[in-house]
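Structure first, commentary second.
The values are calculated or read from the model by the stated rules, or taken from the named source; none is laboratory data. Remember, it's a predicted structure, so these values are computed and weren't measured experimentally. Using ideal geometry, Cβ is built from the backbone for each residue, glycine included, and neighbour counts are taken over all protein chains shown. Note: areas computed on protein heavy atoms with side chains; ligands, DNA, RNA excluded. Shrake-Rupley method; radii C 1.70, N 1.55, O 1.52, S 1.80 Å.
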Amino acid sequence: MSVDVNTVRRIASLARIAISDAEAEAMAPEFNNILGWIEQLGEVDTSDVAPMTAVIANRLRLRADVIDDGNIRDQVLANAPQAEHGFFAVPKVIE
């Protein structure tokens with residue numbers, strides 16, 4: 001695939017980027033070089049390579065999944081404008 005100046009202008013228009021004619025002419029060979037590198041990558045045989053998410057095999061250290069209220073209810077409710085029976089009190093919104 002070859003990118004010409006008109007294609008560069010169309011890409012710039014779709015990306016909402018204002019470029020001059022000189023910039024469009026300079027970008028066409030750069031786009032062609034990038035497409036050439038992509039074609040080279042497509043020729044590499046990766047059939048024996050396992051898919052991976054990272055280069056280094058890391059394992060996540062998981063913590064125990066324990067339910068805990070933090071034992072700071074009174075400190076949290078001290079910031080509330082109004083508290084009742086250990087909970088935040090809010091005005092009724094349903095008539």
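When the residues of the stretch 1-27 are filtered to those that are among the charged types (D, E, K, R) and outside any loop (DSSP other than H, G, I, E, B), the one that is surrounded by the fewest Cβ atoms within 10 Å (Cβ to Cβ) is ASP21. Scan the stretch 37-95 for residues that are part of a loop (DSSP other than H, G, I, E, B), more than 30 Å from VAL3 (Cα to Cα) and of a type in the set (Asp, Glu) and the total you get is 5. In the stretch 18-34, the residues that are under 12 Å from ASP4 (Cα atoms) reach residues that are among the basic types (Lys, Arg) and open to solvent by 60 Å² or more (accessible area, probe 1.4 Å) with C-beta atoms within less than 6 angstrom, at least six apart or across chains, in these pairs: ALA24/ARG9.
Of the numbered criteria (1) modelled with pLDDT of 85 or more; (2) closer than 30 Å to GLY86 by Cα; (3) of a type outside the set (A, V, I, L, M, F, W, C); (4) open to solvent by less than 90 Å² (accessible area, probe 1.4 Å), the one ASN32 fails is (2).
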